[in-house]
1. Take the alpha carbon atoms of the stretch 311-393, find their radius of gyration, then divide it by 2.2 N^0.38 Å using N residues; give the quotient.
2. Per 10 Å bin, what percent of the C-alpha pairs of the stretch 180-223 does each bin hold, from zero upward?
3. Can you list the lysines whose alpha carbon sits under 19 Å from that of Lys319, skipping same-chain ones fewer than 8 residues off?
4. Rounded to two decimals, what ratio of Rg to Rh does the stretch 33-433 give with C-alpha atoms and a Kirkwood Rh?
5. Taking a 18 Å limit on the Cα-Cα distance, which of the listed pairs Lys52/Lys89; Lys78/Lys143; Lys140/Lys193 fall beyond it?
6. Have a look at Ala362, Val142, Thr338 and report the one farthest towards the positive end of the charge dipole of the chain, computed about the Cα centre with Cβ charges (Lys/Arg +1, Asp/Glu -1).
Amino acid sequence: MLSYRYRPSAAKTSTSTSSKKRSAGVDFVAPRLRKLRSGSSSLDLPLATIEKTPGKVYAFGTGDCAQLGLGESVLSRKKPANLAVLNDKNIVDIAAGGLHNMALTQDGKLWSWGVNDQRTLGRSGDEFTPLPVEGLDDVKVVKVGCSDSLTVALTDDGHVYTWGTFRSAEGILGHSKEKEVQELPTVVPNLQKIVDIATGTDHVLALTSSGQVYSWGNGQQMQLGRRIVARRMLNGLTPESVGAKGMVRVGAGSYHSFAIDKDGKANAWGLNTYGQCGDENPKAENIPSVAPIEALEEERFVDIQGGEHHTIALTKDGKVYGFGRSDSHQLGLGYTETPGSEDPASHKKAIRKPTVIPGLPAIQEISVGGNHTLALSKEGDVYAWGFGEMLACGNGEEKDVETPLKLKGQQIENCRVVKVAAGGQHSIILAVPAE
């Protein structure tokens, strides 16, 4: 995912969203699931969200809004830098939002850092240093997602907790119909048996154990899969089904949404101005409800995520596709328009046809930031590409990365990366000692 709200006081900024993500019988194996138990309940939760071996967290990119977690004096890092305060916390997963981050411990607790303007950290105290999220003492978190001004946590018994607020083009929309800003984690009512979550800039998706997808938040770009009347925008803050069945994973871009079905087929809905929903028709500016991505129907996918206006999709066999906006090389293809294209919308620098990104080894995990992407290989190497002015690609230079570039750094020389998380202007990774 995904998001880009910037503080007005930030020294550097890029595009800001506050101004104004079939065939039966095919031998596809759904993303592996791990059975977790809590009391008498038992739910299938994505294995990919849980790392067995605790690791160390590293950050790089721009940190003038506290998003690096390296202290108030560190405003940027060109290469991965260790967050020493988390080294003994047994961190097994990470998540990055526009300007804040979460780290998940082995025993299901959260540590947060970054901008706390709308209480996205779920705690009070220093923004520049990781500190424990409050109010989750009696639950075990197994997955966490960061949107723009909201944080979402999934527990081992299938409940969802949220805190912070949603925003719309007009400003703060609210956390719920009853609460404008939620300061501490609170359970989302009427949602249960949830096995996966995904966050866009200002919307959330939740997948049930029966394969249904629920959405809530801001629906101005049809990212909720249902029409929200302007005078009743608060209705979008209540989770409702998008009508999809048989899904096994959800994903999100800033203003568009995804779901993968049990046969590995990718579906999308929401904003499509650059073809980021996989619909190549330049007149299809929005996809109002769940629709299959026909250009990808021959492939089987295990993950699909979006940035502000682009999309990255990962196949079962480790190939990576890109489509959507490309003016900052968000797609890693080495060009910003399809060569020879006569697409009338080509002036928008978009590659609407889903295209395999060359130059990558077999990939096991992706994370899509606002305008950059991190891809983790099965060997534990990280590849980055896209918008580079904020140093979020870790290449050490303030320029765009046109094609996938292997991440290097003195502090990770003898490490194997196990998790990646791309934010709005920064990136974080989780690494363990190389074997």
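Quick note: the coordinates plus some simple rules give every number you see, no bench work behind them. Keep in mind the model is a prediction, meaning the values are calculated, not measured. Glycine also receives a Cβ, built like all others from the backbone with ideal geometry; neighbour counts cover every protein chain displayed.
1. 1.08
2. Per 10 Å bin, starting at 0, the Cα pair percentages come out as 24, 52, 24, 1.
3. Lys262, Lys265, Lys353, Lys378, Lys406, Lys419
4. 0.94
5. Lys78/Lys143
6. So the residue we want is Val142.
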